[in-house]
Amino acid sequence: SNSNFVLELDFEPFNASFPRPSMSKSIGNGVQFLNRHLSSKLFQDKESLYPLLNFLKAHNYKGTTMMLNDRIQSLRGLQSSLRKAEEYLLSVPQDTPYSEFNHRFQELGLEKGWGDTAKRVLDTLHLLLDLLEAPDPANLEKFLGTIPMMFNVVILSPHGYFAQSNVLGYPDTGGQVVYILDQVRALENEMLLRIKQQGLDITPKILIVNRLLPDAAGTTCGQRLEKVIGTEHTDIIRVPFRNENGILRKWISRFDVWPYLETYTEDVSSEIMKEMQAKPDLIIGNYSDGNLVATLLAHKLGVTQCTIAHALEKTKYPNSDIYLDKFDSQYHFSCQFTADLIAMNHTDFIITSTFQE
């Protein structure tokens, strides 16, 4: 193939090498299910904890080391450092800022990321000490949740007119605009809070990726970059569809976007790297087209992917698969269903709106 993207099919049974929930009551509880599985593996023997140690040692952001430095080389050394750090923290006021004992911690092999105050750092240390003693799914979930990992997020929604005003009522434009704008405001607030509580001085970045329309029909959809109102670090970035004849200037229906998405993914990749000066930590797809682009992008960049399965097309249009021949020339459901299957099977985690989905 001369294409940048080659479809790979893996016919191994889904549950051959990975834990898979088998009961419907597990839906919505995937994190707990995985943590139970992971903590049972960690509990098998001490050697099983080395991946966690290696991850904490390798963890960094743009070259800045976080959590552990090279002074800690073994699990025994880690436990010893944590005990010494615990002893020190119990001797200082709980509201002591991290900056006041930063150098002491570096000598012990501990770097930024444990917390912003003595109390918060102590709580995080206790979680890890408890895990080293006896791995437990609840503690594992809490500890993993404290590790600073999310600084740059990309949210994909390529179809429709996406802007902050004068767009509702245009075709393929509706609830997802309001939904995503609400989502990024909440997400930015959460990221800022967590970064502060982790004791870090890092500025997060969120990009909503949409399609640029040179013929913007009285909207801002012809503007490459647009700041999201009510945020400090979130922008809409628009990238045009293009083919061998050049850039598409006018809107086209979401049912007709499929031939453009691979080239669009390549263009989006270079634009977000230029804007962020780093790879995103998380890529979130919305709807069938956005999820396909998210899949191609996450695979290309080696980044964690979230698929949001709003209104899967097969559930929205009853009998659309039975009468595929009748509808396919107009709606291209074969592309849509295939995109959903690829995204749902490639992604790291899925968020759905309804039990049916």
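The values are calculated or read from the model by the stated rules, or taken from the named source; none is laboratory data. All values reported here derive from a predicted model rather than from experimental measurement. A quick note on method: Cβ atoms are made from the backbone with ideal geometry, for glycine too, and the neighbour counts reach across all protein chains shown. Ligands, DNA and RNA are excluded from the accessible area calculation, which covers all protein heavy atoms including side chains. Shrake-Rupley method; radii C 1.70, N 1.55, O 1.52, S 1.80 Å.
Of note:
- Put a dot 7 Å past the Cα of Thr64, heading toward its Cβ, do the same for Glu12, and the two dots end up 3.8 nm apart.
- Sulfur and carbon atoms: percent of accessible area, region 232-356 [1.4 Å]: 53 percent
- Cα-based equivalent ellipsoid, region 1-91: semi-axes from gyration tensor eigenvalues, Å: 35, 22, 14
- Residues of region 31-146: accessible area per residue with a 1.4 Å probe, Å²: 54 Å²
- Most mobile of Asn102, Asn286, Asn319 in a GNM of the chain (Cα contacts under 10 Å): Asn319
- Residues whose placed amide H lies under 5 Å from that of Phe241, excluding near-sequence neighbours: Leu212, Leu248
- Taking Pro135, Pro19, Pro97 in turn, the Gaussian network model of the chain (Cα-Cα springs below 10 Å) assigns the largest fluctuation to Pro19.
- On the basis of the beta-carbon distance and an R0 of 41 Å, Lys227 and Gln44 show a calculated FRET efficiency of 0.25.
- The label-point distance for His37 and Gln79, in a model that sets each label 7 Å from Cα toward Cβ, rounds to 2.8 nm.
- Distribution of pairwise C-alpha distances over region 152-351, 10 Å bins, in %: 9, 35, 38, 15, 3, 0
- Accessible carbon and sulfur surface of region 31-146 relative to its total accessible area, %, 1.4 Å: 51 percent
- The GNM of the chain, with springs linking C-alpha atoms under 10 angstrom apart, assigns the highest mean-square fluctuation among Phe101, Phe18, Phe333 to Phe18.
- Under a 5 Å amide H cut-off, with hydrogens placed 1.01 Å from N, Ile208 pairs with Ile155, Asp235, Ile236, Ile237 among residues at least 5 apart or on other chains.
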